[in-house]
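Only the coordinates and a few stated rules stand behind these numbers; no lab work does. Values in this document were obtained by computation on a predicted structure and should not be read as measured data. Virtual Cβ from ideal backbone geometry, glycine too; neighbours counted across all protein chains shown.
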Amino acid sequence: MMKRKPQRQKTKVNPKRKNWRRQFRSLVTGKQKNWNKEKGREWGENADFWIKIIREKLDPFREIITNQAILESLKREKNLKIFDAGCGEGYLCRKLAKKGHRVFGIDFSKKLIEAARNLERKKPIGIKYFRGDFRKTNFPSSCFDVILSHQTINEIKNPEKALKEFFRVLKRKGKLVCLFLHPCFDSKKPNSLNYFQEKKIQKGYYLVSGIKSPWPYFYLHLSLSKWTELLIKSGFSISNIKEPHPPLKFFQKKWWKENFNRPRFILIEAEKTVPKKD
């Protein structure tokens, strides 16, 4: 009489883990269908969230680190013509205009541009706002002294197109300042991420000062070497790379120890280099 082999019990798979695996596979394969449509929806749904966060100064990373890092990079300059690429509700535009610069902001979010324009109408300080795509603008060539990209260059699928446009509209020796999530440390579990592969990273929500955004978000991950390669291929000369962080004394506080436990941001300064004509 043949003995029957004992049947293996099926292991129950945690549905959350199964969902995580599915999400991870989609990241690794780099699917980026309908990127612009998804991004437009994301910013439309999260616009009111960001207006509240920024205008009520609820984001310590922006207030203490990223905004200050950008302003610091321009503190010695005067009377500049500045293009804020992805200006949102206009915070940095207002800061720079109050310092005497001529500022132009562009964003593809209707809600955020309307919020920026409404404040400009109430308290005019000479800022020009446009709704559109900073990868393709109607600005004349060689017209800006500085272009800023504050956590926006990594929001688009093809940053090389933006860099090409930035190069076009910058004056000779004009400055480009890009600040975005540090690509070397944008994952809590580096082993789960193929660092050198281009990927669309997806998150369930923003969480700022205990407030969750109503809509998920995503961004582009490229290795640091890829970012520098794109800049150089676009004609820029990299003049400085910084890793913005809070003052070291802040790390004596528990919140900063827990929430800034690795470099989170990178700031790259680059210059438009054009050979002189003989």
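Some values worked out for this structure:
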{"item": "Counted residues, the stretch 221-258 - those being part of a loop (DSSP other than H, G, I, E, B) and of a type in the set (Asp, Glu)", "result": "1"}
{"item": "Members of the stretch 246-274 found to be under 22 Å from residue 227 (Cβ atoms) and touching a helix residue (DSSP H, G or I) at 6+ places or on another chain (Cβ under 8 Å), listed by number", "result": "260, 264, 265, 266, 267, 268, 269, 270, 272"}
{"item": "Residue match in the stretch 166-176 (condition: closer than 22 Å to residue 67 by Cβ and part of a helix (DSSP H, G or I))", "result": "yes"}
{"item": "Subset of the stretch 130-146 (residues that are under 15 Å from residue 103 (Cα atoms) and charged (D, E, K, R))", "result": "131, 145"}
{"item": "Residue in the stretch 118-137 that is buried (at least 24 other Cβ atoms within 10 Å of the Cβ), closer than 22 Å to residue 67 by Cβ and aliphatic (A, V, I, L, M) present", "result": "no"}
{"item": "Selected residue (criterion: farthest from residue 66 (Cα to Cα)) from residues of the stretch 254-278 that are over 19 Å from the mean Cα position of the chain (by Cα) and surrounded by 12 or more Cβ atoms within 10 Å (Cβ to Cβ)", "result": "274"}
{"item": "Pair list, Cβ < 7 Å and 6+ apart or interchain, from the stretch 47-65 residues that are in contact (Cβ under 8 Å) with a residue 40 or more places away in the chain to residues that are surrounded by 14 or more Cβ atoms within 10 Å (Cβ to Cβ) and of a type in the set (Gly, Ala, Ser)", "result": "47/109; 49/213; 50/88; 51/115"}
{"item": "The lone exception for residue 86 - which of (1) surrounded by 19 or more Cβ atoms within 10 Å (Cβ to Cβ); (2) within 17 Å of residue 247 (Cβ to Cβ) it fails", "result": "(2)"}
{"item": "Any pair with Cβ under 6 angstrom, 6 or more apart, that starts in the stretch 137-157 at a residue that is closer than 8 Å to residue 86 by Cβ and ends at one that is in a loop (DSSP other than H, G, I, E, B) and not basic (Lys, Arg)", "result": "152/86"}
